[in-house]
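Asks: Handing you this structure, nothing more for now.
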Amino acid sequence: MRKNIVAGNWKMNNNLQEGLTLAKELEAALKGKKVNCDVIIGTPFIHLASVAAIIDTKLIGVSAQNCADKASGAYTGEVSAAMVASTGANYVILGHSERRTYYGETNATLKEKVSLALANGLTPIFCIGEVLNERNAGKHFEVVETQIREGLFNLSAEDFRKIILAYEPVWAIGTGVTATSDQAQEMHAFIRNTLVAKYGEAVANDTSILYGGSCNASNAKELFSNPDVDGGLIGGASLGVDKFMPIVEAF
């Protein structure tokens with residue numbers, strides 16, 4: 001059975017003290033509540049060890065926002081998957097549209113990152129999605145399929161079962177524009193069918209596919225009601241418990 005998941009991506013926000021406060025506030029809000037999804041927070045690298053040490057990681061999963069495509073060595077400024085795992089984090093966001101766009105990450109690079117993440121016991125939250133001109137040109141399905149195929153389809157079925165996917169319509173991130181519920185379901189169903197063709201129905205039906213395009217308290221319930229939308233990868237709305245908890249409670 002695939003899981004419902006709400007994952008917050010803090011991006012480059014919150015200094016260490018602010019991050020610790022936010023993590024504790026979220027933990028307090030979740031304690032004693034029965035929620036119908038797993039909750040994950042994706043923090044900056046410098047927060048990981050401190051956050052993992054002060055919260056119940058069975059209640060809130062801790063995720064890095066990236067990791068290096070090399071195991072170790074003379075790569076100044078990089079953080080390896082092994083280093084991420086050593087902090088107590090158990091997830092890593094890979095292939096976010098901002099990493100692809102601003103830092104030139106390719107499907108080939110991400111393939112290496114995924115392998116290293118899995119080798120170190122991390123669960124990748126693998127992001128895929130098209131930009132506006134690709135959607136307008138009718139290439140959105142092709143783009144997403146290529147990202148999945150080139151980034152993940154080297155994996156065995158056993159390893160693929162450890163992947164969480166997050167569909168990001170890049171044109172709907174930080175723009176105030178959100179894909180309609182029907183657009184989200186259409187793409188999520190396409191992604192699941194792509195997985196069926198490669199790995200079969202059992203693996204495809206067990207894969208959680210999150211929606212990552214300006215999901216918020218007002219649209220989460222409608223988005224999550226779709227049969228192939230298994231939760232959200234949440235950006236700005238994850239920076240305040242008052243905005244994040246209604247999304248968690250949308251299930």
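A short reminder: the numbers here are calculations on the coordinates, not readings from a lab. This is a predicted model, so every value here is computed, not measured. Please note: Cβ atoms are built from the backbone with ideal geometry, for glycine as well, and neighbour counts cover all protein chains shown.
Quick grid of which residues meet (1) loosely packed, with under 15 Cβ neighbours inside 10 Å; (2) β-branched (Val, Ile, Thr):
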site: Gly174; (1), (2): yes, no
site: Thr194; (1), (2): no, yes
site: Pro227; (1), (2): yes, no
site: Pro246; (1), (2): no, no
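Asks: Please pick out the residue among Lys3, Lys34 that is in contact (Cβ under 8 Å) with a residue 60 or more places away in the chain and closer than 27 Å to Ala250 by Cα.
Replies: Lys3
Asks: State which residue is surrounded by the fewest Cβ atoms within 10 Å (Cβ to Cβ) when the search covers only segment 104-123 and only residues that are among the hydrophobic types (A, V, I, L, M, F, W, C) and either over 21 Å from Tyr211 (Cβ atoms) or out of contact with any Gly (no Cβ under 6 Å at 6 or more places or on another chain) (or both).
Replies: Going through the qualifying residues, I end up with Ala108.
Asks: Next question, about the same structure. Might you let me know whether segment 84-103 holds any residue that is within 26 Å of Ser214 (Cβ to Cβ), without any contact (Cβ under 8 Å) to a residue 60 or more places away in the chain and among the acidic types (Asp, Glu)?
Replies: Checked against the condition, which is being within 26 Å of Ser214 (Cβ to Cβ), without any contact (Cβ under 8 Å) to a residue 60 or more places away in the chain and among the acidic types (Asp, Glu), segment 84-103 yields no hits at all.
Asks: Hey, could you check segment 1-25 for residues that are over 14 Å from the mean Cα position of the chain (by Cα) and in a loop (DSSP other than H, G, I, E, B) and say which is surrounded by the fewest Cβ atoms within 10 Å (Cβ to Cβ)?
Replies: Met1
Asks: Within 18 Å of the chain's Cα centre (by Cα) and farther than 18 Å from Gln65 by Cα: is that true of Ala202 in this structure?
Replies: Spelling it out, it is not the case that Ala202 is within 18 Å of the chain's Cα centre (by Cα) and farther than 18 Å from Gln65 by Cα.
Asks: Collect the residues in segment 81-103 that are farther than 19 Å from Ala71 by Cβ, over 17 Å from the mean Cα position of the chain (by Cα) and surrounded by 19 or more Cβ atoms within 10 Å (Cβ to Cβ), keeping them in residue-number order.
Replies: none
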